């Protein structure tokens, strides 16, 4: 059935987008943490301190709101489809 | 070589433009002069320009096609500049269903009824805006697919293509985002990998050169001075 086809392929397509965006977002966040540390490293800083600083920042990112917002990748197209469906078929 | 590249690019532009011109919604100001239903056998050439039977029905090779006969206002430049003339235009009226193009249209029968309710006569012109996608081509027997019909007061209404405006803005943003993602991926993943591969290559070739040097010196020691 056509609806199931749309659902399955749409889900696969959106999952690819979701994964790419989450990888990108994580990468940007890590780079930002690295640069922030390197620009102004505290006294007596070592490589281990840098690693823990970045790991803490990433843990904060993982529990934060920004990461959850990526799930909008699934929500927005569904809403758009619903709106188009309504506008096209409502009299 | 330059001409080949230019031709290729031009072809790409034409294909992309044609794709969007076919798929995106456009608005025609027209007078409906009648509707008709004709049995149709789609050929191999024109079948890709048709959507599907009514979405609840089985797909058979022969099917009835709803047509809306109109007299539409001519325009220049994708409808942005109006002209003072009219020409005949025939629209088909098919469900697009769930798949392609994504108009999610299931109300073909209702649309046909709307068209019938707004038929113009010689004395009483009733203007409508017909939202549609697709092309009319007499040689392939293809028609644009009407999506919606809206009665308007006269032929001078101003139509703003909101959907297309937002669509192209979205496309631009998506393009910039994709470029940023690619740049980040290169900077963080590809370049370090290439660097380390390059270093490895340098190390290996330095080792090879060293060994070759030793061999050559050893061979040299056998030669007469």
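The values are calculated or read from the model by the stated rules, or taken from the named source; none is laboratory data. This one's a predicted model, so the numbers in the text were calculated from it and none came from an experiment. For neighbour counting, all protein chains shown are included, and Cβ atoms are generated from backbone atoms with ideal geometry for every residue, glycine included.
Those residues that are assigned to a loop (DSSP other than H, G, I, E, B) and surrounded by 10 or more Cβ atoms within 10 Å (Cβ to Cβ), I need them from region B:128-151; list them, please.
Within region B:128-151, the first condition is being assigned to a loop (DSSP other than H, G, I, E, B), and the residues that meet it are B:134-136, B:138-141, B:143-144.
Passing the criteria: B:134, B:135, B:136, B:140, B:141, B:143, B:144.
When region B:152-179 is examined, which residues are found to be surrounded by 12 or more Cβ atoms within 10 Å (Cβ to Cβ) and assigned to a helix (DSSP H, G or I)? Can you show your working first?
Let us first name the residues in region B:152-179 that are surrounded by 12 or more Cβ atoms within 10 Å (Cβ to Cβ), namely B:152, B:155, B:157, B:159, B:161, B:163-164, B:167-168, B:177-178.
The answer is B:163, B:164, B:167, B:168, B:177, B:178.
Being within 12 Å of chain A (Cβ to nearest Cβ) and more than 14 Å from residue A:27 (Cβ to Cβ) is the filter here, so list the residues in region B:178-199 that pass it.
Those that are within 12 Å of chain A (Cβ to nearest Cβ) and more than 14 Å from residue A:27 (Cβ to Cβ): B:178, B:179.
In the list A:73, A:28, which residue meets the criterion of being under 27 Å from residue B:179 (Cβ atoms), touching a residue at least 40 places away in the same chain (Cβ under 8 Å) and surrounded by 11 or more Cβ atoms within 10 Å (Cβ to Cβ)?
Numbers: A:28 fails: touching a residue at least 40 places away in the same chain (Cβ under 8 Å).
Sole residue among the options that is under 27 Å from residue B:179 (Cβ atoms), touching a residue at least 40 places away in the same chain (Cβ under 8 Å) and surrounded by 11 or more Cβ atoms within 10 Å (Cβ to Cβ): A:73.
Restricting to region B:75-100, give me the number of residues that are within 14 Å of chain A (Cβ to nearest Cβ) and in contact with a strand residue (DSSP E or B) (Cβ under 6 Å, 6 or more places away or on another chain).
Matching residues across region B:75-100 total 2.
Just one of B:44, B:18 is in a loop (DSSP other than H, G, I, E, B) and free of Cβ contacts under 8 Å to residues at least 24 places away in the same chain; which is it? Spell out how you get there, then give the answer.
Values: B:18 fails: in a loop (DSSP other than H, G, I, E, B).
Residue meeting the stated conditions: B:44.
Determine whether region B:114-127 contains at least one residue that is within 14 Å of chain A (Cβ to nearest Cβ), in a loop (DSSP other than H, G, I, E, B), over 21 Å from residue A:5 (Cβ atoms) and modelled with pLDDT of 90 or more.
We begin by selecting, within region B:114-127, every residue within 14 Å of chain A (Cβ to nearest Cβ); these are B:114-118.
Within this subset, residues satisfying the condition of being in a loop (DSSP other than H, G, I, E, B) are B:118.
Then drop every residue that is not over 21 Å from residue A:5 (Cβ atoms), which leaves B:118.
Within this subset, residues satisfying the condition of being modelled with pLDDT of 90 or more are B:118.
Checking region B:114-127: at least one residue is within 14 Å of chain A (Cβ to nearest Cβ), in a loop (DSSP other than H, G, I, E, B), over 21 Å from residue A:5 (Cβ atoms) and modelled with pLDDT of 90 or more.
Can you list residue pairs whose Cβ atoms sit under 7 Å apart, with the first residue in region B:55-76 being farther than 21 Å from residue B:110 by Cα and the second being assigned to a loop (DSSP other than H, G, I, E, B)? Count only pairs 6 or more apart in sequence or on different chains.
So the pair list comes out as B:73/B:155.
In a helix (DSSP H, G or I), surrounded by 11 or more Cβ atoms within 10 Å (Cβ to Cβ) and either in contact with a strand residue (DSSP E or B) (Cβ under 6 Å, 6 or more places away or on another chain) or in contact (Cβ under 8 Å) with a residue 24 or more places away in the chain (or both): is that true of residue A:81 in this structure? Don't jump to the end; show me each part of the working.
Working: in a helix (DSSP H, G or I): yes; surrounded by 11 or more Cβ atoms within 10 Å (Cβ to Cβ): yes; either in contact with a strand residue (DSSP E or B) (Cβ under 6 Å, 6 or more places away or on another chain) or in contact (Cβ under 8 Å) with a residue 24 or more places away in the chain (or both): no.
Spelling it out, it is not the case that residue A:81 is in a helix (DSSP H, G or I), surrounded by 11 or more Cβ atoms within 10 Å (Cβ to Cβ) and either in contact with a strand residue (DSSP E or B) (Cβ under 6 Å, 6 or more places away or on another chain) or in contact (Cβ under 8 Å) with a residue 24 or more places away in the chain (or both).
Going through A:14, A:33 one at a time, which residue ends up being in contact (Cβ under 8 Å) with a residue 60 or more places away in the chain, on the phi < 0 side of the Ramachandran plot and out of contact with any strand residue (DSSP E or B) (no Cβ under 8 Å at 6 or more places or on another chain)?
Details: A:33 fails: in contact (Cβ under 8 Å) with a residue 60 or more places away in the chain.
The conditions single out A:14.
Among the listed residues A:74, A:53, A:61, identify the single one that is at pLDDT 90 or above and either closer than 26 Å to residue B:147 by Cα or out of contact with any strand residue (DSSP E or B) (no Cβ under 7 Å at 6 or more places or on another chain) (or both). Please lay out each step first, then the result.
Working: A:53 fails: at pLDDT 90 or above; A:61 fails: at pLDDT 90 or above.
None of the other options fit; the residue is A:74.
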